[in-house]
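The values are calculated or read from the model by the stated rules, or taken from the named source; none is laboratory data. Predicted model, so just to flag it, every value in this text is computed and none were measured. Cβ placement follows ideal geometry from the backbone for every residue including glycine, while neighbour counts extend to all protein chains displayed. Note: accessible area is taken over every heavy atom of the protein model, side chains too, but ligands, DNA and RNA are not part of it. Shrake-Rupley method; radii C 1.70, N 1.55, O 1.52, S 1.80 Å.
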Amino acid sequence: MLDLDDIQGIILQGYDELLSAAFLLGHIKDRTKARDWLELALERITPASATPRSTAFNLALTYAGFETLGLAEAALEGFSVEFIDGMTEAQRQRALGDHGPSAPENWTWGGPQESDTLHVIMLCYARTDTDLQVLIEEATRESAAAVEILHRIDTQTLPGHKEHFGFRDGIAQPVIEGYASGTAGNTIKAGEILLGHENEYGRIPLSPMLAEAHDDQSLLSVSRFKPAHKDFGLNGSYLVFRQLSQDVKAFWGYLDAKARDARGRTDPETRRLYGAKMVGRWPNGAPLVKAPLAPPADDNDPLCTDDHFTYHDTDKEGFKCPFGSHIRRSNPRESLEPDPGTEASIKVNKRHRIIRRGRPYGAPLDASMEPDAILKAPDTGEDRGLNFLCFNANLRRQFEFIQQTWINNPKFAGLYNDADPLMGDHDPKDRGETGEFTLPAQPLRTRLTGLPRFTHVVGGAYFFMPGLNALRYLARL
Amino acid sequence: MVHQQALMILCPIQRGEEDAVKTRLIELDQRLRDNQPVILERLEGLHFARWVVLDAAEDRDGNPLPAELLFSANIDGDARAFIKQMIDTDPELIKSLYAHCRDFPDPQSINEDGLYDWLNRHTQDYAAFYIGSVGKRVDTIHREANLRDALEQHIDAEHAAGRLKDQSALAIRDALCSWVRTQKDLQWALLPEPGPSPADWAWHWGKLAAIVAAALFVVIRFFLTVVLLFIGWLSTVRVLERRDRQHPYDDDRQARMRHIRLVSREEDRITQNPMTSVTHIKTGFIRIVTLRFVLWAINLLARYLYVHGKLGSIPTIHFARWAIIDDARRLVFLSNYDGSWENYLGDFVDKAAVGLTGVWSNTIGFPDTVLLLFKGAKDEERFKAYTRRSQTLTQFWYSAYKNLTVDNITNNTRIREGLRGVMNEDQAQEWLLHL
């Protein structure tokens, strides 16, 4: 049984009805005042047991944030290496493809240019923009003595639940065992997202822990990992936040050029098909595996939010949904070894799932989200893209694995030079050519080459979102 | 050749000189990455090679082990011929490296023959050797990769010109074969690849037949003895297992994390990664005998069963090797694999846990095992922590085909093979899917 009062709400709920959101990134100025502030913030934090109607508030900290608040060395050592070293560490940069324009040196936040160390993120959600503004002002006032707000990252909900390239997003999401019910293949153990619980290997993983003596107020629960210890990390989760800038004009411009016939005229059907092949779903969300030739005309068709499909038995050759398409490679389901198409494959796939809580930012080039309008729209230089957020219990095996072994890997599924077409790292280095996209077909494949990088990273950090008891412990240290 | 060969040269380094050797190796590695000439890329028939310094350490009983210089290469052809080729290509570099080793003669006085003899005396046999692309020569791998590139670009050009559309698979295949025939630098693909001679094959399969015959004979003739021995052995192993201490993996976190950062520093620069791992074999007669037997069995499987690009169901290994060193006190594992460390280890835990456990449960620090094969590597966090701890930085590493995975190599061969012979529509279609 999950203690929903202890788990912060955003981990288990998407707050889908709270369409306005913004994130405040802050630096802790004073340890004592920060502890006082945490005590107040605890009243504001939305737990998973609540059903927020008008606003929601959650918070998470970086490793530096926990250090600054004075968490004991023993507990700090229980965090994962990835979290301690941070997203900008050299090894991590290579794994995540953050180089060239996407290198941390060029980030607007979270990189080495940052004047003050990033310690805390406050995630604010509200039903309306007005409510959001009020919430932000209250949260800022409440934390002012302790926290200096370095950045405010706004979000923008787009028509049709789409992201900026024009495709419906957020359809696929794993279900946590014990919290909600879903299909067997899509349900994962709580320990894949929350520390202190059994994961898909049937174990309780390492967690930041304290000797029992250090928790004299008995705020924390006993650790299931190590006897005579208290689990600081229980019910917490690692939060990945990467702000991804999307070059929407370049994306449709590329597809437009590729869909041109011998006379130089673009066929909009082909253009849309190429885009859908790259994503794995049509713009309105219908999966290619189930609608390979054309999407349902009605955007409210249940097929548009369909997440119940498999790859191996219905599309082994990738004729419908290419192997390199975004959704097929970010969640391969039962299509990879061992024994594709069987339980064994799904069992392994479950070890690489994440819970996504991203939200777009920036105004759309055109409210219709249609390619022709997008291509004609004037480029005001405004930045737009996706605030990618996800939760997982093991950064290396889950988020980083997906990013490195599936998304950015030009060798995924036996391919040669196909990194993810939407967000893959296409700058050739020692890894050879990566800017191709193969559309398997009979008799012969179509191959798109020279893909530029459409998505760049402009900011990012690893956070840990503790349970409420853990935050209380920090507040009363 | 039926399959590639493994070469390993191992020698202790003179006290106090290991840092100098490491610095030199790292320097050479950097030069290679900067595309400057270093010895290895000029050698023929070389798939992968590495030079590693094994740090000075204490053995399982606390006795000192010197730092050692390890050289490993996966090659086409004969080990002795390869050593000669290395010396012929750059004798000064070889001499300067090995001059740091303990029983190396005076560098001024040693000549190339002396160097050749000395290196040969320091070669080390392996206990098990797995090959991903069995029998594939380096030059074949390169040529087949170029063939595929040329074909793919040709197909793209044909598509752009509006040709190759609305044709049957057979017609497309014919067109592609004709085109290859016109390309001077690709015509070799239309000829069959020279394989091993019948004599080689006879020797290869003859060995297996002899082993099977001998095993059957012993088991049938001495059935009761064999069964009793087996039960005795298994029970002893179980008793030993129960006595083994379970090692924590959350101890000494700072040191562990420093070590992880060190050994993973050079990872993920190209498509493949190297792994060099050294572990201490558990004391006692039963353990070493078990280890040797398990490795012998794995080697047998690698020679005769796992010859299609997969070790069990792991498809990412180009070459993997186990060797027992230091008077049977340590086990060294060397591999060249595709993709990230996390993916590789994940594959071990998810797909090959039993085999691995059979080998490494005989080494100190491995997660709790039951009956040699069970549990063990399935303890994901502990097993990965154990592996990182056993890993040492590979200072100088070379790959002859930096951006080809095992899958790519196998696929390239299918493409090349499909250019020859007669096919029907279905076969032609199946072949086209490889492009």
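Quick look at the values:
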| read-out | value |
| --- | --- |
| Any hit, region B:321-338, residues being surrounded by fewer than 23 Cβ atoms within 10 Å (Cβ to Cβ), within 14 Å of chain A (Cβ to nearest Cβ) and either closer than 19 Å to B:Thr123 by Cβ or of a type in the set (A, V, I, L, M, F, W, C) (or both) | no |
| Members of region B:287-306 that are touching a strand residue (DSSP E or B) at 6+ places or on another chain (Cβ under 8 Å) and not in a helix (DSSP H, G or I) | B:Tyr306 |
| Criterion violated by A:Phe464 - all others in (1) in a strand (DSSP E or B); (2) within 14 Å of chain B (Cβ to nearest Cβ) satisfied | (2) |
| Among (1) within 14 Å of chain B (Cβ to nearest Cβ); (2) at positive phi - the single one A:Gly100 does not satisfy | (1) |
| Residue within region A:438-454 that is more than 14 Å from chain B (Cβ to nearest Cβ), of a type in the set (Lys, Arg), over 18 Å from the mean Cα position of the chain (by Cα) and within 30 Å of A:Leu118 (Cβ to Cβ) present | yes |
| Residue that is most open to solvent (accessible area, probe 1.4 Å) [pool: residues in region B:267-282 that are within 9 Å of another protein chain (Cβ to nearest Cβ) and of a type in the set (D, E, K, R)] | B:Arg269 |
| Lone unmet requirement of (1) β-branched (Val, Ile, Thr); (2) outside any helix (DSSP H, G or I); (3) open to solvent by 20 Å² or more (accessible area, probe 1.4 Å) for B:Val53 | (3) |
| Of all residues in region B:379-390 being out of contact with any Phe, Trp or Tyr (no Cβ under 7 Å at 6 or more places or on another chain) and in a helix (DSSP H, G or I), the one that is nearest to B:Ser264 (Cα to Cα) | B:Arg388 |
| Test: A:Ala48 is open to solvent by 40 Å² or more (accessible area, probe 1.4 Å) and either in contact (Cβ under 8 Å) with a residue 40 or more places away in the chain or not aromatic (Phe, Trp, Tyr) (or both) | no |
| Number of positions in region B:349-378 that are more than 12 Å from every other protein chain (Cβ to nearest Cβ) and either more than 25 Å from B:Leu10 (Cβ to Cβ) or not in a strand (DSSP E or B) (or both) | 20 |
| Single residue of B:Asp327, B:Asp350 found to be out of contact with any strand residue (DSSP E or B) (no Cβ under 8 Å at 6 or more places or on another chain), free of Cβ contacts under 8 Å to residues at least 24 places away in the same chain and farther than 30 Å from B:Asn63 by Cα | B:Asp350 |
| Meets criteria (out of contact with any Asp or Glu (no Cβ under 6 Å at 6 or more places or on another chain), surrounded by 23 or more Cβ atoms within 10 Å (Cβ to Cβ), within 14 Å of chain B (Cβ to nearest Cβ) and not hydrophobic (A, V, I, L, M, F, W, C)) for A:Thr434 | yes |
| Test result for B:Tyr344, open to solvent by less than 10 Å² (accessible area, probe 1.4 Å), within 13 Å of chain A (Cβ to nearest Cβ) and in a strand (DSSP E or B) | no |
| Complete set of residues in region A:425-461 that are part of a loop (DSSP other than H, G, I, E, B), closer than 23 Å to B:Lys165 by Cα and touching a strand residue (DSSP E or B) at 6+ places or on another chain (Cβ under 9 Å) | A:Glu436, A:Pro440, A:Arg445, A:Thr449, A:Gly450 |
| Where A:Gly264 falls short, out of the listed (1) surrounded by fewer than 19 Cβ atoms within 10 Å (Cβ to Cβ); (2) within 30 Å of A:Ala75 (Cα to Cα); (3) more than 12 Å from chain B (Cβ to nearest Cβ) | (2) |
| Failed condition for A:Lys376, given (1) in contact (Cβ under 8 Å) with a residue 40 or more places away in the chain; (2) more than 26 Å from A:Arg92 (Cβ to Cβ); (3) of a type outside the set (Ser, Thr, Tyr) | (1) |
| All positions within region B:292-307 that are under 22 Å from B:Val138 (Cα atoms) and buried (at least 17 other Cβ atoms within 10 Å of the Cβ) | B:Ala302, B:Arg303, B:Tyr306, B:Val307 |
| Of all residues in region B:242-260 being surrounded by 15 or more Cβ atoms within 10 Å (Cβ to Cβ) and within 29 Å of the chain's Cα centre (by Cα), the one that is farthest from the other protein chains (Cβ to nearest Cβ) | B:His247 |
| Answer residue from region A:195-251, given it is acidic (Asp, Glu) and either surrounded by fewer than 24 Cβ atoms within 10 Å (Cβ to Cβ) or touching a Cys at 6+ places or on another chain (Cβ under 8 Å) (or both) and is nearest to the other protein chains (Cβ to nearest Cβ) among those | A:Glu200 |
| Residue in region A:317-336 that is free of Cβ contacts under 8 Å to residues at least 12 places away in the same chain and part of a loop (DSSP other than H, G, I, E, B) present | no |
| Matching helices (runs of 4 or more DSSP H) fully within region B:78-190 where at least 3 residues are within 14 Å of chain A (Cβ to nearest Cβ) and of a type in the set (Asp, Glu) | B:138-160 |
| Residue within region A:387-409 that is open to solvent by 30 Å² or more (accessible area, probe 1.4 Å), under 19 Å from A:His161 (Cβ atoms), in contact with a Lys or Arg (Cβ under 8 Å, 6 or more places away or on another chain) and more than 10 Å from chain B (Cβ to nearest Cβ) present | yes |
| Yes/no for B:Asp174 being open to solvent by 100 Å² or more (accessible area, probe 1.4 Å), more than 35 Å from the chain's Cα centre (by Cα) and not small (Gly, Ala, Ser) | no |
| Counted residues, region B:308-320 - those being open to solvent by less than 10 Å² (accessible area, probe 1.4 Å) and not hydrophobic (A, V, I, L, M, F, W, C) | 2 |
| Sole exception among (1) at negative phi; (2) not in a loop (DSSP other than H, G, I, E, B) for A:Pro410, by number | (2) |
| Residue within region B:62-76 that is without any contact (Cβ under 8 Å) to a residue 12 or more places away in the chain, under 15 Å from B:Tyr398 (Cα atoms) and among the polar types (S, T, N, Q) present | no |
